[in-house]
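Working notes, beginning with the structure itself.
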Amino acid sequence: MPAPDLGATRRWPNVPACYGWLSLDRRGRWRLRSEAVTHRGLNDFLDRHYAHDEHGNFFVQNGPQRVFVELDYTPWVVRLTSAGGLETHVGRAVTVLRGAALDEEGSLLLDTPDGVALLCDRDLPALLGHLHLPSGELADDTFLLTFIAQAEACVSALTLDWRDARVPVIPLRRSEVPGRYGFIASPQATVA
């Protein structure tokens, strides 16, 4: 992930951070005070300046100010492209998958080089057809429902076969996702 320009921060070091204004929803849409951001230029700006700190807080660098992002779920949302690939909500191609997880709601999480990403729910049916049992058979609905009901991550009996990769899929509780993948869903101002 390219680093945002921090030049203005050095010139104006005491600009307070902003909390509670900007969020990222489960479909990878920016929201400003709960309203969808529809202006193309503003969306492009937010995409270009999206970053994270060493603590796992995600933010948009707006000149000298950090605008911290409330995450509806994960810091990244992945979508299928018209060419059949995957890309993040900021438009970066996802060419490597390191693993995957299904939560108790049936959401598919993908472990990418940028970090954990939620697959947009609109694309879930297309990727469910790539979940296989160890025998190579396609995982049916009954198996998937049993799999996501497992309370703890275990050795996977399920794989996601995507392009030339075969990655294990683990069951995972939504509440465990931030800790497992090292991000903070709701950044808070620290009191000094």
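The values are calculated or read from the model by the stated rules, or taken from the named source; none is laboratory data. Keep in mind the model is a prediction, meaning the values are calculated, not measured. Positions of Cβ are generated from backbone atoms using ideal geometry, with glycine treated the same way; all protein chains shown enter the neighbour counts. We work out accessible area using only protein heavy atoms, side chains counted, and drop any ligands, DNA or RNA first. Shrake-Rupley method; radii C 1.70, N 1.55, O 1.52, S 1.80 Å.
Given the structure, is P134 part of a loop (DSSP other than H, G, I, E, B), in contact (Cβ under 8 Å) with a residue 12 or more places away in the chain and either closer than 22 Å to V90 by Cβ or not acidic (D, E) (or both)? In short, yes. Is it the case that segment 118-126 has a residue that's over 27 Å from F68 (Cα atoms), surrounded by 13 or more Cβ atoms within 10 Å (Cβ to Cβ) and either under 20 Å from the mean Cα position of the chain (by Cα) or free of Cβ contacts under 8 Å to residues at least 40 places away in the same chain (or both)? Within segment 118-126 (the criterion being over 27 Å from F68 (Cα atoms), surrounded by 13 or more Cβ atoms within 10 Å (Cβ to Cβ) and either under 20 Å from the mean Cα position of the chain (by Cα) or free of Cβ contacts under 8 Å to residues at least 40 places away in the same chain (or both)), the answer is yes, since at least one residue qualifies.
Evaluate the following for H132: is it buried (at least 16 other Cβ atoms within 10 Å of the Cβ), more than 15 Å from the chain's Cα centre (by Cα) and of a type outside the set (D, E, K, R)? It is true that H132 is buried (at least 16 other Cβ atoms within 10 Å of the Cβ), more than 15 Å from the chain's Cα centre (by Cα) and of a type outside the set (D, E, K, R). Taking the stated definitions as given, is L160 outside any strand (DSSP E or B) and hydrophobic (A, V, I, L, M, F, W, C)? No: the conditions fail for L160. Contact annotation: residue pairs with Cβ atoms under 8 Å, 6 or more positions apart or on different chains, pairing a residue in segment 139-162 that is of a type in the set (F, W, Y) and buried (at least 18 other Cβ atoms within 10 Å of the Cβ) with a partner that is modelled with pLDDT under 90 and outside any helix (DSSP H, G or I), are F147/A157. Considering T88, T95, the condition of being surrounded by fewer than 16 Cβ atoms within 10 Å (Cβ to Cβ), within 19 Å of the chain's Cα centre (by Cα) and closer than 28 Å to T159 by Cβ is satisfied by T95 alone.
Quick check: anything in segment 179-186 closer than 30 Å to D44 by Cα, part of a helix (DSSP H, G or I) and hydroxyl-bearing (S, T, Y)?
At the first step, the residues of segment 179-186 found to be closer than 30 Å to D44 by Cα are 179-186.
When the remaining residues are screened for being part of a helix (DSSP H, G or I), the result is 179-181.
Within this subset, residues satisfying the condition of being hydroxyl-bearing (S, T, Y) are 181.
Yes - at least one qualifying residue is present in segment 179-186.
Across segment 170-190, the number of residues qualifying as β-branched (V, I, T) and modelled with pLDDT under 95 comes to 2. Kindly indicate whether any position in segment 107-114 is touching a Gly at 6+ places or on another chain (Cβ under 6 Å), open to solvent by less than 20 Å² (accessible area, probe 1.4 Å), touching a residue at least 60 places away in the same chain (Cβ under 8 Å) and of a type outside the set (A, V, I, L, M). No, because not a single residue in segment 107-114 is touching a Gly at 6+ places or on another chain (Cβ under 6 Å), open to solvent by less than 20 Å² (accessible area, probe 1.4 Å), touching a residue at least 60 places away in the same chain (Cβ under 8 Å) and of a type outside the set (A, V, I, L, M).
Scanning segment 37-85 for residues that are polar (S, T, N, Q), more than 27 Å from L127 (Cα to Cα) and open to solvent by 40 Å² or more (accessible area, probe 1.4 Å) returns T38, N62, Q65.
Please verify whether L97 is modelled with pLDDT of 95 or more, outside any strand (DSSP E or B) and in contact with a Phe, Trp or Tyr (Cβ under 8 Å, 6 or more places away or on another chain), treating the condition exactly as stated. Spelling it out, L97 is indeed modelled with pLDDT of 95 or more, outside any strand (DSSP E or B) and in contact with a Phe, Trp or Tyr (Cβ under 8 Å, 6 or more places away or on another chain).
In segment 58-85, the residue that is modelled with the highest pLDDT out of those that are more than 16 Å from the chain's Cα centre (by Cα) and among the hydrophobic types (A, V, I, L, M, F, W, C) is V67.
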